Amino acid sequence: MQYLSQLNDAVRFLRGHIGDPPDVSLVLGSGLGAAFASQVESERLNYSEIPHFPVSSVVGHAGQLAWGRHRGTRFCALMGRVHLYEGLEPRRVVFAVRALAMWGCRNFLITNAAGAVNREMAPGQLMLITDHINLQGANPLEGDNYDDLGQRFPDMSDPYHPDLRRLALQCARQLGIELRQGVYIAVRGPSYETPAEIRMCRTLGADAVGMSTVPEVIALNHMKRRVAGISCLTNMAAGILDQPLVHDEVLQVTERVKEDFARLVLSWTERMGA
Ligand code: HPA
């Protein structure tokens, strides 16, 4: 039960350092954290200062916890995350969101950068995740179940909460931001997919592909927390265009859409607290 006592350490620290849990927690993917942070006043801590928080080794994943109040809503933002492809155990990947949930946060917005599998979608668009397919060959609930957190076989029939999704769509409409909707397929990475793998993803019913989010969403559903997810489509997935895929492109497109992204996340945050 070492893992649970580590979670308790982290929660005790957050309670002591910050106080009451936030109304909403945001998980901000590649390059998206900075965009959000530039729009709100927040206090910050490096993950390395929080007991047992895993620290990412990926460029663009800063690894800071930000917190503050935006128009009345108390928020926390995980800026940067760890991934399975960094070689961590699945339950380590979800340590931070579990700590925020144990602290008492009930609502989560998980974001990521993703490749467009659906040919009708395009780089620069934002996609509200309606459902997911887990192709990571791993699950954060593997191993002994922590009965204090949730049940052995949690229901996953509505992993992205309808009320939270509806609110995201309303916010996007009001702001005049296009928000597509689709299924996110999670792969393990870190190599990008082959064209044949992308054809498979499309056949399976996916609209966007990425290397994150699904572990967090499973762990939070296990804890019966409410979750929404937004993908920032940074590139067409492999084999759709006649060009190779590079991480720099992912960062560049993120740079281009980060304003809209931050406006949408802020509006959603504000209305979640209302
Ligand atoms: N594939 C997997 N992960 C990604 C991609 C992609 O095309 N783009 C951004 N993250």
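The values are calculated or read from the model by the stated rules, or taken from the named source; none is laboratory data. Predicted model only: the values in this text are computed from it and were never measured. Here the Cβ is made from the backbone with ideal geometry for all residues, glycine too, and neighbour counts use every protein chain on show.
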Neighbours by Cβ (under 6 Å, 6+ apart or cross-chain): first from the range 102-122, over 9 Å from ALA208 (Cβ atoms); second in a strand (DSSP E or B) and at pLDDT below 95: THR111/LEU28; ALA113/CYS232; ALA113/THR234
Residue in the range 99-110 that is β-branched (Val, Ile, Thr), within 16 Å of the ligand (Cβ to nearest atom), closer than 14 Å to LEU26 by Cβ and modelled with pLDDT of 95 or more present: yes
Criterion: among the small types (Gly, Ala, Ser), closer than 23 Å to ALA35 by Cβ and in contact with a Ser or Thr (Cβ under 8 Å, 6 or more places away or on another chain) - qualifying residue of GLY189, GLY273: GLY273
Output for the range 25-60, where each listed residue is of a type outside the set (S, T, N, Q), touching a Gly at 6+ places or on another chain (Cβ under 7 Å) and either more than 16 Å from the ligand (Cβ to nearest atom) or more than 29 Å from LEU264 (Cα to Cα) (or both): VAL40, GLU41, GLU43, TYR47, VAL55
Those residues of the range 22-54 which are touching a Cys at 6+ places or on another chain (Cβ under 6 Å) and surrounded by fewer than 19 Cβ atoms within 10 Å (Cβ to Cβ), in sequence order: none
Residues (acidic (Asp, Glu) and under 22 Å from LEU167 (Cα atoms)) located in the range 208-254: GLU216
Helices (runs of 4 or more DSSP H) completely within the range 160-274 that count 1 or more residues being in contact (Cβ under 8 Å) with a residue 12 or more places away in the chain and within 14 Å of the ligand (Cβ to nearest atom): 195-204, 214-222, 247-273
